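The values are calculated or read from the model by the stated rules, or taken from the named source; none is laboratory data. None of the values given here were measured: they were computed from a predicted structure. Don't worry about glycine lacking a Cβ; one is built from the backbone with ideal geometry, like all the others, and counts go over all protein chains shown. The protein model used for the area step is the full one, side chains on, heavy atoms only, and it has no ligands, DNA or RNA in it. Shrake-Rupley method; radii C 1.70, N 1.55, O 1.52, S 1.80 Å.
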Amino acid sequence: MEAANLSVSITGNASGLLAAVSTANAALAGLAGTANAALAGIQDKTVKVTAIDNTAAGVASARAAINSLSDKTVTVTVQYQTVGSPPKTFAQGTASAPGGLALVNDERGIRDPRELIYHDGQYMMYQGRDVIVPLAKGDRVYTAAQTKAIMEALGIPSYARGLKNERFQMERDNFKSLTKSSNVPIDEQIAWWQDAVERFSYDYEVVKECNEEIFSLTRKLADNINDLSGVYIEERTHFNDWETYGDNALAAFERVKENNRKFLDDGFITYSEYVENVKKAGEDLYEGRIEQSEDWLEQQRKYNGMSTEEYIAGLERMADYTKEYFANGIIDYREYAEGLQEINNDIFKARGEQAKELQKQNAADYKHWESDAANWKKMRDTYGDWDDYGDSHIQFYERCIERVKEFYEAGKIDWQQYMDDTFDYQLKLYKAQEGALDEAMENALKDKRDYIADLKDRFRTQEDALKRSWDEDDRSADMADIRKQIGIYSHAVTNKGREKYEELQARLKQLQREEEIAELEAEHNRIIERLEKELAAAETNKRGLLTSLNSYGMSTNQLVGGIVADVQNMRGFLSDMFAKLINAVESSARANSYTDNSSKTYYNVGSGAKAALDALAASIGRSFIYKY
C-alpha cells in the first residue's frame, strides 16, 4: 500500500504533540475494544444505544499540547502504511459481514452517513465519515437510511446530527408558518428558538440556524424597543405628562442606555450602534422638550397674555434643563453649546423687547400722572376751592417736584427730562411762593452755576491734560532727537541743510498743536458763554420781578422774610400779603386817579408796572381793566 505524508506547521515543542497523539490513539483502541465487548453482550436483546467518547481526553490533551507550542516553528511528518487488503465498504449495508477491517459511514451524497452496526446482540454506531473499524464475522451493517428509521422508531433523535434533521425542519416550518399567520411577539419567537437550541443541541447545523434566528430576532427586538422608546419619549415630551406616568426624562434616558448596554454586552449590536441609539434617544428627549417649551411659551404669549418677564423666566428654565441634560450625558457638548446659545439669544432679544415695553409703559405712566396733576390744578383753580381740600399751589408744586424725582429714581424718566421738569416746577413753585422767589430762584440757579463751574473745571482739566501730554511728547521727541543728532553729528562734516529741515518740522508741529488747542478752547468758550447767558437771563428776570415789587411800596425783604417764616402755614397768608401789596399800589397811584359816569375808578399806571400788577392780581383772584 501507499505511504502518505502529513505536514503541519506548529509553534513549540513537538514532543508534547507526539505524546498527545499517542494518547489519542490509545483511547481510540480502547474505544474499539469496548465496542466489540458491547456487541457481544446485546445479542438477541432490545437495548438503548449509548456511545461513550473515550477519545475526549486524548483529543483534549492533544489540543492542550498544540496550544502550548509558542516558542518555535517545527514540521511534524506522520507516515502511515496500509498492509494487506483495503477495508471493505458497506455503504449499501450487509446482513452478514465477512469479518476484518471495514469502512463504514461512507455513503456519498447525504449529510448524515452514520451506519448502525449489529454485533452479538448489541447495536453500535461510529461518529464521523469514512470510519475504519474491525467487524466480526456475521455482523450486520445497516444503511444510513435504515439507521435513521431505526433510531426514530426507538425515539432517539441523536442520529440526526446535520442539516437534514427532519423533526427540526418540520417544527421550524410549522413555527414559521405560525409567525406569518398570527402576531407572535418577538420575545416569544426568541424563546421558541432558544428552546429549539436546547432540544436539538446535539445538531450543530440546527444550533447554528437557531442562533442565527435568535440573533436576527434580538436585533429586531432591539430596533423595536428603541423605536417604542422613541415614540414614548416623543409623546411624553410633546404632552409634558411625565408625572402622569410616574416617570421623568432622566429615568427614560437611563432605561434606553441600560437596554442598549445589554444588547451591546450580549453582542447583538455594535458599540457604534450603541452610541448612535443612545445619542438619538438623548437628542429626541432634548429637542422634543425644547419644541414643547417653545410651543407653550408662544401659546401663553399669544393667547394668555404672558408678560415678557414671565417669558424670560420660561427661557431661563429652558437654559437650566439644557445644563441638566448635558450634565447627565443626555446631550453632547455641541448640542449643549448650540442650544444654550440659541436660548441666550432669545433671552437677549426678549430683554430688548422688555426694555422697549418698559420705556413705553414708563412714558405712558409719566404722561398719565402729568395729565392727572394738570387736571387737579385746573379744577382747583376753576372752583377756587384749594382751601376746601386742604391744599395750595405751594403744596401742589412741591408734590410735583417730589413726584418727578420718584419717577427719575425709579428709572421711568431720563436725567434730561428730570432736570427740565424739576426746573419748570421749581419756577412755578417760586412764583406760587411769591415773596420766597429769591430763595427759590437761587436754589434753582445754584445747580446751573455748579454745573457751569464743574464744566469749566472739567474743560480746564482736559486742556491742562492735553497741554501736559504735548509737553511730555515734546520732551520725549526732543530727547530722542538729541540722541539722534548726537549719533548723526558724531560722524557729520556739515549740517546746514539738516538744521533747516528740522527747524521747519518743529515749527509745523508747534503750529498744528497751537491750532488744535485753540479749537478746543474756542469750543469750550462757546459752551460756557451760552450757559452764562442763560444764567444771566434768569437772574435778570428775578431782579425785574423784585424791582417791580419794591417800586410799589412793599419791602421785598419783609415779604420774603414773612413768607419764609410762615412757610409751614401758608394757607390764606399769601392772599393777604398780595392784597396788601395791591392796596399799596392803589394808594400810590390814587393821586392821579379819576372816575367816569359808570362809577368806576381809574388809576394812571405806568407801562412798566402793568405786568407786575397782572401777575400779582392773578395770584389772588383779582383783575384790572386798563383804559388806553
Can you say whether Ala374 is among the small types (Gly, Ala, Ser) and within 29 Å of Gly314 (Cα to Cα), as far as the supplied structure shows?
no
Unmet criterion (only one of (1) under 30 Å from Tyr274 (Cα atoms); (2) touching a residue at least 24 places away in the same chain (Cβ under 8 Å)) for Gln341
(2)
Any residue at all in the range 379-395 that's open to solvent by less than 60 Å² (accessible area, probe 1.4 Å), closer than 30 Å to Arg255 by Cβ and modelled with pLDDT of 90 or more?
no
Considering only residues that are farther than 17 Å from Asn224 by Cα and without any contact (Cβ under 8 Å) to a residue 40 or more places away in the chain, which ones fall in the range 276-300?
Glu287, Ser293, Glu294, Asp295, Leu297, Glu298, Gln299, Gln300
Scanning for something open to solvent by 20 Å² or more (accessible area, probe 1.4 Å) and modelled with pLDDT under 80, does the range 164-175 turn up at least one residue?
yes
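Quick check, is Leu315 under 14 Å from Leu340 (Cα atoms), at pLDDT 90 or above and in a helix (DSSP H, G or I)? Break it down into steps so the answer makes sense when it comes.
Numbers: under 14 Å from Leu340 (Cα atoms): yes; at pLDDT 90 or above: yes; in a helix (DSSP H, G or I): yes.
Yes.
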Those residues of the range 294-307 that are surrounded by fewer than 17 Cβ atoms within 10 Å (Cβ to Cβ) and within 19 Å of Arg236 (Cα to Cα) come to a total of 4
List the pairs whose first member sits in the range 253-265 and is open to solvent by 30 Å² or more (accessible area, probe 1.4 Å), whose second member is of a type in the set (A, V, I, L, M, F, W, C), and whose Cβ atoms are under 7 Å apart, counting only residues at least 6 apart or on separate chains?
Lys257/Val278; Asn259/Ile225
Selection from the range 226-245 of residues out of contact with any Ser or Thr (no Cβ under 9 Å at 6 or more places or on another chain) and either open to solvent by 50 Å² or more (accessible area, probe 1.4 Å) or acidic (Asp, Glu) (or both) yields Asp227, Leu228, Val231, Tyr232, Glu234, Glu235, His238, Phe239, Asp241, Glu243, Thr244, Tyr245
Check whether at least one residue in the range 335-356 is of a type outside the set (Val, Ile, Thr), exposed (fewer than 14 other Cβ atoms within 10 Å of the Cβ) and over 30 Å from Glu287 (Cα atoms), and report yes or no.
yes
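Picking from Glu291, Glu283, Glu273, Glu310, which residue would you name as being touching an Asp or Glu at 6+ places or on another chain (Cβ under 7 Å) and open to solvent by 40 Å² or more (accessible area, probe 1.4 Å)?
Values: Glu291 fails: touching an Asp or Glu at 6+ places or on another chain (Cβ under 7 Å); Glu273 fails: touching an Asp or Glu at 6+ places or on another chain (Cβ under 7 Å); Glu310 fails: touching an Asp or Glu at 6+ places or on another chain (Cβ under 7 Å).
Checking each option against the conditions leaves just Glu283.
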Given (1) without any contact (Cβ under 8 Å) to a residue 24 or more places away in the chain; (2) surrounded by 13 or more Cβ atoms within 10 Å (Cβ to Cβ); (3) basic (Lys, Arg), identify the lone condition not met by Lys367.
(2)
Select from the range 387-406 the residues that are touching a helix residue (DSSP H, G or I) at 6+ places or on another chain (Cβ under 9 Å) and within 22 Å of Tyr451 (Cα to Cα) and list them in ascending order.
Ile401, Val404, Lys405
Mind telling me which of the residues Ile413, Ile330 ends up being modelled with pLDDT of 90 or more and either more than 26 Å from Ile290 (Cβ to Cβ) or out of contact with any strand residue (DSSP E or B) (no Cβ under 7 Å at 6 or more places or on another chain) (or both)?
Ile330
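Hey, does the range 319-331 have a residue that's in a helix (DSSP H, G or I), of a type in the set (A, V, I, L, M) and more than 17 Å from Asn240 (Cβ to Cβ)? Step through it out loud before you land on a result.
Our first condition is that a residue be in a helix (DSSP H, G or I); within the range 319-331, this holds for 319-327.
Right, trim to of a type in the set (A, V, I, L, M) and you get 319, 327.
Next cut, more than 17 Å from Asn240 (Cβ to Cβ) only: 319, 327.
There is at least one residue in the range 319-331 that is in a helix (DSSP H, G or I), of a type in the set (A, V, I, L, M) and more than 17 Å from Asn240 (Cβ to Cβ).
If I go through the range 317-334 residue by residue, how many of them are of a type in the set (D, E, K, R) and surrounded by fewer than 12 Cβ atoms within 10 Å (Cβ to Cβ)?
Within the range 317-334, the subset of a type in the set (D, E, K, R) is 317, 320, 323-324, 332, 334.
The next check asks that each one be surrounded by fewer than 12 Cβ atoms within 10 Å (Cβ to Cβ); those that pass are 320, 334.
Adding up the residues that qualify gives 2.
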